[in-house]
Each structure stands twice: as structure tokens, then as C-alpha cells.
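Worksheet: one structure, shown below.
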Amino acid sequence: MNNRIFQKFKKNAGKFVGLVLAAVLLAGCGAQEGSGSSAVSSAESGGFVSMTAEEVQKRMKVGWNLGNDLDCIDNRKYGDAAYYESLWGNQPVTQNSIEALKNEGFGAVRVPVTWYDHIGDDGTIDAKWLARVREVVDYVIDSGMYCVLDAHHDTGENAWINADSASLDDNKDKLTNLWTQIADEFRDYDCHLVFEGFNEILDSENHWTDPDNSCYDAVNELNQAFVDVVRKTGGNNAERVLLCDAYASGFNADILENFKLPDDSAKNRLMVDIHYYGTDTLEMKDVAKRIDELFTKKAVPVLIGECGMKNTAGSSNTDERVTYIRSLVDTMQNAGAVCFWWDDGGSFSSADEVNNYALLNRNGGWYFQEIADAMISASEK
């Protein structure tokens with residue numbers, strides 16, 4: 001650099017630094033809403049605007065689950081990403097499908113991932129699978145939404161990680177090894193990315209309710225191990241918002257009253273995930289009251305990470321489903337919780353053939369846009 005150029009650079013250095021800092025802030029978590037593609041997912045995006053769990057939750061507004069895609073499993077250890085994404089009736093997810101959610105008004109996408117079939121005998125996650133997960137996460141974040149990334153059927157019925165106290169050390173080791181690798185892969189992502197330690201974890205006897213009380217303690221210890229290992233990986237993970245589940249991701253009083261929020265080196269960076277598929281109005285209000293008393297009033301944000309009501313194929317119940325989701329989103333939002341619809345997809349020639357929770361036609365368009373509209377409008381009250 002010759003002296004003339006150097007002097008010009010020196011004269012404008014302060015202005016340049018200011019522009020860089022402004023760009024970093026715009027790339028951060030607080031600037032993405034309504035901005036379209038945020039391009040903040042990669043390590044090269046620079047900067048990390050730390051946000052509390054409450055701030056992230058409020059910006060999510062309402063969410064959607066990419067069900068029966070990256071979470072498919074057959075215990076074959078086959079490993080091929082395209083095979084597993086198509087295993088349960090869906091085609092591999094595309095950027096266009098994710099953009100449709102953003103355009104509709106959703107603020108977040110939960111990306112369920114099952115890792116078991118992609119882990120080698122040495123405990124290492126297959127690099128190609130990890131790259132595909134990263135690609136899908138990028139679809140979500142680059143569209144301007146928040147992304148919740150979990151370990152899905154790695155826990156649950158007949159899973160390889162469970163909530164038994166007798167095998168707690170072994171389960172801790174498995175969970176720690178898994179999340180060390182995931183957290184390392186995504187350590188430089190900003191706070192549009194939320195990690196969820198596990199999904200609907202059960203004991204080895206697959207009890208959904210009334211497990212041995214020691215199982216509640218085991219879940220609390222596994223949540224603590226999850227938080228500790230993510231924080232240990234450093235980088236942006238030191239203050240990333242993390243999502244913790246109680247036993248079975250359940251809503252019953254005994255489950256939630258036995259749940260203990262982990263100790264955390266980062267302040268106000270933890271949320272709780274509860275799954276609720278109930279449609280009874282009175283029960284819905286009871287669950288909302290429980291959430292408010294146990295969590296919201298203690299400044300602990302809650303996601304209803306899965307909810308929904310099935311379509312009745314051949315006999316439309318769309319109006320009933322619209323009424324249901326409006327009521328649920330409104331009731332839970334008043335209790336301080338954000339709802340995520342469970343969409344298991346599938347290939348149907350028309351909405352009338354849908355026999356599950358599918359709202360979005362992943363080949364293009366919607367099966368039930370009116371239900372998505374109801375979620376968005378209810379969340380904006």
C-alpha cells in the first residue's frame with residue numbers, strides 16, 4: 001500500500017469501522033423480521049447479537065414443524081440422506097417450501113432430526129448427513145425465520161436414549177457425544193438457531209404418563225448435561241437460547257411440577273417445550289393456567305412445540321380445525337406460550353384426501369391455507 005492510499009484509508013478508518021459495526025448489527029437476530037433473506041446462517045456472516053430466550057420467543061410469533069422428513073428412522077444405519085428424507089412419504093425438503101412458510105407469516109420452523117441411523121460405531125455423525133441438516137437449517141434462517149433444531153426419535157418409544165435412572169450415566173454419555181458434535185457444527189450460527197436437547201423422552205418401558213419418580217430426576221439430569229455440553233463448545237453457543245423438555249414433553253401436572261430448569265452459565269437463555277394435542281376447551285385452559293403459573297410468571301418462556309388436529313379425509317372438518325387452532329393459539333399466547341403446528345406432510349392429490357396433520361403441500365401450495373391463516377391472525381392479536 002503506497003503512502004497516499006494509506007493516508008486516505010487512515011482518514012476514513014473511523015467511518016469504515018462504523019459501517020462494519022452497523023452491518024454486523026443488521027445481520028444480527030433483531031434485524032431480520034420482515035426483511036426476507038437474512039443470510040446470517042453461516043460462520044462468515046460475522047457478528048453475534050445475543051438475545052434472551054424471551055426476546056427470541058416473542059419474535060417467533062407462531063411456528064411450524066418439518067415433520068416426517070429429517071426425523072425418519074428405520075434402524076438400518078443405511079445413512080443415505082435422500083433415502084431417509086423420503087422414507088415416510090415426503091420428498092426432500094426444498095427452499096421453496098420453507099419460503100412459503102415465511103411468506104405466509106410464520107416466524108419459526110422446528111426441524112426435527114433423528115441422528116441414530118447416521119452415527120457410526122465410533123460414535124461419529126456421518127458428515128454427509130450433518131451437511132444435509134445444515135442445508136435445511138440454512139433454508140430456514142436464510143428465509144428470515146428462527147429455527148429449532150432437535151434430537152427427535154433418538155428419544156421416545158424404544159429409543160436408544162431414555163430416562164431410566166439405572167442407565168443414567170450411559171444415556172448422559174450418548175447425549176453428550178451427540179450434542180458435542182451438533183453444537184460444534186453450528187457453533188458460529190447466530191441466535192436465529194435454537195437447540196432442543198431431546199423430544200418426548202420416555203423410560204425404557206415406554207410409559208407416557210406415571211413413570212417411576214426417578215425418571216423425572218433422570219430427565220432433569222439429562223437436560224443439565226445438554227446445557228453444559230452446548231455451553232462448553234463455546235463460540236456463539238456460550239449464549240445460544242436452548243430448549244429443554246420435561247418427561248414425554250408432557251403437560252400433566254405431575255410431569256411439569258417435577259421438571260427442574262437446568263443451571264446455566266448464560267443468563268435468561270433457556271426455554272421449555274411442551275407438546276399439547278388436546279382439543280377440549282376446558283383442558284386447554286387448565287394447561288394454559290399451569291404454564292402461566294409454573295413458567296411464564298417465573299420469566300421462563302414456553303413453546304408448545306407440537307400441536308394440531310387431524311383432517312378427516314373425505315368429510316371436511318376444516319371449519320372445526322380453524323376454530324380449534326384460533327382458540328389454542330389465543331389461549332396459549334395469553335399464557336405466554338408460542339404454538340408450533342405439527343405437519344407430518346405426505347403426498348395427497350387434494351386436500352380432501354389428507355388424513356393427518358398436513359397443512360403445507362410440500363410439492364407447492366397449501367392443502368389448508370385457511371388453518372395457517374388462522375394461526376397467523378390469532379398470533380397477531
Matching residues, the stretch 33-80, being at pLDDT 90 or above, within 23 Å of Phe106 (Cα to Cα) and part of a loop (DSSP other than H, G, I, E, B) | Met51, Thr52, Lys61, Val62, Gly67, Asn68, Asp69, Leu70, Asp71
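Closer than 18 Å to His152 by Cα and open to solvent by 50 Å² or more (accessible area, probe 1.4 Å), is that true of Lys58?
Values: closer than 18 Å to His152 by Cα: no; open to solvent by 50 Å² or more (accessible area, probe 1.4 Å): yes.
So Lys58 fails the test.
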Matching residues, the stretch 271-321, being of a type in the set (Val, Ile, Thr), over 23 Å from Asp150 (Cβ atoms) and open to solvent by less than 20 Å² (accessible area, probe 1.4 Å) | Thr318
Please list, ordered by first then second residue, the pairs with beta carbon atoms under 6 Å, 6 or more apart or interchain, first in the stretch 183-194 and assigned to a loop (DSSP other than H, G, I, E, B), second of a type in the set (Phe, Trp, Tyr) and modelled with pLDDT of 95 or more.
-> His192/Tyr146
Mind listing whichever residues of the stretch 94-123 are open to solvent by less than 10 Å² (accessible area, probe 1.4 Å) and aliphatic (A, V, I, L, M)?
-> Ile98, Leu101, Ala108, Val109, Val111, Val113
In the stretch 331-374, what residues are within 21 Å of Asn90 (Cβ to Cβ), open to solvent by less than 50 Å² (accessible area, probe 1.4 Å) and among the hydrophobic types (A, V, I, L, M, F, W, C)?
-> Phe340, Trp341, Trp342, Phe348, Ala351, Val354, Ala358, Leu359, Leu360, Phe368, Ile371, Ala372
Search the stretch 62-92 for residues being within 15 Å of Leu130 (Cα to Cα) and within 18 Å of the chain's Cα centre (by Cα), and hand back the single one that is surrounded by the fewest Cβ atoms within 10 Å (Cβ to Cβ).
-> Glu85
Here are some conditions: (1) closer than 27 Å to Asn213 by Cα; (2) open to solvent by 30 Å² or more (accessible area, probe 1.4 Å). Leu256 meets all but one. Which one does it not meet?
-> (2)
Number of positions in the stretch 151-191 that are β-branched (Val, Ile, Thr) and under 11 Å from Asp203 (Cβ atoms) | 1
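The values are calculated or read from the model by the stated rules, or taken from the named source; none is laboratory data. All of these numbers come straight from a predicted model, not from anything done at the bench. Note that each Cβ is placed from the backbone with ideal geometry, even for glycine, and that neighbours are counted across all protein chains shown. Please note that ligands, DNA and RNA were not included when accessible areas were found on the heavy atoms of the full protein model with its side chains. Shrake-Rupley method; radii C 1.70, N 1.55, O 1.52, S 1.80 Å.
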